[in-house]
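I have placed the structure first, in the form of structure tokens, so that the comments after it can refer back to it.
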Amino acid sequence: MSLSSDQPSQALRDARAGDTVRVLRLEGQEAVCSKLREMGFCEQAEVRILNNSGTMVCSVCGSRVGLSRQLAGSIRVSAAVA
């Protein structure tokens, strides 16, 4: 993902394998957002995309997490600044 800090956010599902992104916000039902936060997808969390073909596999908070593309669409991200 080639986002600069002044570009708008994108859905996590649009990130490519190898990208490192930062969670900006979660969208959707509060119960779903709460569960995502419990899994480590909190605002400002850094997420590395390990696989984005079919089910997304991400590394977040030291754990590998698989997400459906639909669920990944509710996570808004920007490029992580090194």
Which condition number in (1) polar (S, T, N, Q); (2) free of Cβ contacts under 8 Å to residues at least 24 places away in the same chain; (3) within 16 Å of Ala79 (Cβ to Cβ) is the one that Gln10 fails?
(2)
Of all the residues that make up the stretch 35-56, how many are under 14 Å from Gly18 (Cβ atoms) and over 10 Å from the mean Cα position of the chain (by Cα)?
4
Pick from the stretch 29-51, criterion out of contact with any Lys or Arg (no Cβ under 6 Å at 6 or more places or on another chain) and in a strand (DSSP E or B), ranking: surrounded by the fewest Cβ atoms within 10 Å (Cβ to Cβ)
Asn51
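Each value in this text was obtained by applying a stated rule to the coordinates, not by laboratory testing. Small disclaimer: the values here were computed from a predicted structure and weren't measured. Ideal geometry is used to build each Cβ from the backbone, glycine not excepted, and the neighbour counts take in all protein chains shown.
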